[in-house]
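Enquirer: Please see the structure below; I have some questions.
The values are calculated or read from the model by the stated rules, or taken from the named source; none is laboratory data. Note that the structure is predicted; figures quoted are calculated from it, not measured. Please note: Cβ atoms are built from the backbone with ideal geometry, for glycine as well, and neighbour counts cover all protein chains shown. When the accessible area is computed, the model is the full protein with side chains, heavy atoms only, and any ligands, DNA or RNA have been set aside. Shrake-Rupley method; radii C 1.70, N 1.55, O 1.52, S 1.80 Å.
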Amino acid sequence: MESAEKRKRMLSGIKPSGQLTLGNYIGALRNFVRYQDDYEMIVFIANLHCITVYQDPQELKKNLRDAVALYLACGLDPQRATIFLQSDVLEHAQLGFIMNCNSYQGELNRMTQYKDKVAKGETNITVGLYTYPCLMAADILLYDADYVPVGEDQKQHVELTRDLAQRFNHRYGDTFRVPEPVVPQVGARIMSLSDPSKKMSKSDKGDKGCIYLLEDVRSARKKIMSAVTDMEACVRFDPQDQPGISNLLTIMSSLSGEPIEQLVQRFAGKGYGEFKSAVADVVCAQLSEIQARYQQVIQSGMIEQTLQQGSEQARRLARRKLDKVQRKIGMEFRKK
Ligand code: TYM
């Protein structure tokens, strides 16, 4: 990706099936904010994706509202970015079905998230969860996105989207732009604090491994201070042999902007307690800033207005694209 490509289009989304996490922030959200000046940015709340797993309706409502508020609190600006709720634009579900019909079972069987659930012996996997990469492809292709900023775990889904776009273009003639994933160099995969072999995830309820953006800072500090490390007693970046320390270095570097090598030098010969305390300072300062702005957003009445304006903009683009797709397939025979 070239940095100075003005007005190329970028699109991404987050699925608030729980409270947003520090992993979501470092791997995705803060990059959306960074890119909104240089790209035409479209960011949505993937609420259809949320219900691929059962959600308590009251909790889901709260999580959706909090997610929009956090988008704004983290710095997404509705004047510069199109921000909307996925279910407000019905074209997502319609193109999602069309994408289902252009994907093969073998492709979906290879998706890591699905495979992991099967491997764990989960028996309550919904059909929606199995086919969700097709809906995600539709989310992206509806808007002719050039780039899709995501964390490491979503890269495979963007690769599938590329395959589906190319297949469709080949079958029906040029229709979709083929998007590229944009994965951050540092922070693409923030690991759990309690088990650094696992991704930090919002579904790890009650886990000490996950920090939430709206979490009390004292609780966040506690989790960092008790993060799992190792017996090496040396602050070094070695994800293989020192995954816990390397994860903390990644978190600190992502948030402070100080390169990892510099942090390693700064903490040479220092104990893990001192290092963790410095990581906690950086994380808590960031959380406090976001939480203060979140309170302002909640009180401002900006949420409804943002979603109204965003869904109108998104609908215009999505409608045009879906019409084109349906004409190409031969589904629409009336003259337009
Ligand atoms: P979701 O909600 O699981 O995650 C949202 C974004 O946060 C990133 N992320 C992480 N990055 C670093 N470390 C972590 N521990 C971590 N956890 C999550 C994810 O990689 C992602 O970028 N299917 C998507 C949502 C979606 C979407 C889309 C994204 C739906 N349609 C279209 C892009 C384009 C999802 O479940 O993300």
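Enquirer: Looking only at residues in region 52-63 that are buried (at least 17 other Cβ atoms within 10 Å of the Cβ) and away from the ligand (no atom under 12 Å from the Cβ), which one is nearest to E312 (Cα to Cα)?
Expert: Per the criteria, the residue is L60.
Enquirer: If S201 passes every condition in (1) touching a Cys at 6+ places or on another chain (Cβ under 8 Å); (2) away from the ligand (no atom under 14 Å from the Cβ); (3) not in a helix (DSSP H, G or I) but one, which one does it miss?
Expert: It fails just one condition, (2).
Enquirer: Would you please name the residue that is surrounded by the most Cβ atoms within 10 Å (Cβ to Cβ), looking only at residues in region 12-51 that are more than 7 Å from the ligand (Cβ to nearest atom) and among the charged types (D, E, K, R)?
Expert: R30
Enquirer: Something else: Are there any pairs, at least 6 apart or on different chains, whose C-beta atoms fall under 8 Å, with the first in region 115-128 and more than 15 Å from Q55 (Cα to Cα) and the second open to solvent by less than 60 Å² (accessible area, probe 1.4 Å), and if so, which?
Expert: Pairs that qualify, where the first residue is more than 15 Å from Q55 (Cα to Cα) and the partner is open to solvent by less than 60 Å² (accessible area, probe 1.4 Å), are K117/I125; K117/L129; V118/I125.
Enquirer: Quick check on E59: is it modelled with pLDDT of 95 or more and in contact with a helix residue (DSSP H, G or I) (Cβ under 6 Å, 6 or more places away or on another chain)?
Expert: Details: modelled with pLDDT of 95 or more: yes; in contact with a helix residue (DSSP H, G or I) (Cβ under 6 Å, 6 or more places away or on another chain): no.
The answer is no for E59.
Enquirer: Find the residue count for region 24-42, including only residues that are part of a helix (DSSP H, G or I) and more than 24 Å from G128 (Cα to Cα).
Expert: Narrowing region 24-42 to residues part of a helix (DSSP H, G or I): 24-35.
Those still in the list that are more than 24 Å from G128 (Cα to Cα) too: 25-27, 29-35.
Of the residues in that region, 10 qualify.
Enquirer: Looking at T229 and the list (1) in contact with a Phe, Trp or Tyr (Cβ under 8 Å, 6 or more places away or on another chain); (2) open to solvent by 40 Å² or more (accessible area, probe 1.4 Å); (3) touching a residue at least 60 places away in the same chain (Cβ under 8 Å), which single condition is not satisfied?
Expert: Of the numbered conditions (1) in contact with a Phe, Trp or Tyr (Cβ under 8 Å, 6 or more places away or on another chain); (2) open to solvent by 40 Å² or more (accessible area, probe 1.4 Å); (3) touching a residue at least 60 places away in the same chain (Cβ under 8 Å), the odd one out for T229 is (3).
Enquirer: Restricting to region 82-121, count the residues that are in a helix (DSSP H, G or I), away from the ligand (no atom under 13 Å from the Cβ) and among the small types (G, A, S).
Expert: Total satisfying the criteria: 2.
Enquirer: Can I ask one more? Return the residues of region 70-81 that are open to solvent by less than 60 Å² (accessible area, probe 1.4 Å) and either in a loop (DSSP other than H, G, I, E, B) or free of Cβ contacts under 8 Å to residues at least 12 places away in the same chain (or both); say none if nothing qualifies. Show your work before the answer.
Expert: Here is the first cut: in region 70-81, the ones open to solvent by less than 60 Å² (accessible area, probe 1.4 Å) are 70-78, 81.
Residues satisfying the conditions are C74, G75, L76, D77, P78.
Enquirer: Still on this model: Residues in region 237-250: is at least one open to solvent by 30 Å² or more (accessible area, probe 1.4 Å), in a helix (DSSP H, G or I) and closer than 16 Å to Y25 by Cα? Walk me through how you get there before you give the answer.
Expert: Narrowing region 237-250 to residues open to solvent by 30 Å² or more (accessible area, probe 1.4 Å): 237-241, 243.
Then keep just the ones that are in a helix (DSSP H, G or I); that gives 243.
Checking which are closer than 16 Å to Y25 by Cα leaves us with none.
The answer is no; no qualifying residue exists.
Enquirer: Just the residues that are under 24 Å from I190 (Cβ atoms) and more than 14 Å from the ligand (Cβ to nearest atom), please, taken from region 69-79.
Expert: We begin by selecting, within region 69-79, every residue under 24 Å from I190 (Cβ atoms); these are 69-76.
Across region 69-79, the qualifying residues are A69, L72, A73, G75.
Enquirer: Can you list the helices (runs of 4 or more DSSP H) found entirely within region 122-193 that contain at least 3 residues being more than 9 Å from the ligand (Cβ to nearest atom)?
Expert: Values: elements: 127-130, 132-141, 155-172.
Hits in region 122-193: 127-130, 155-172.
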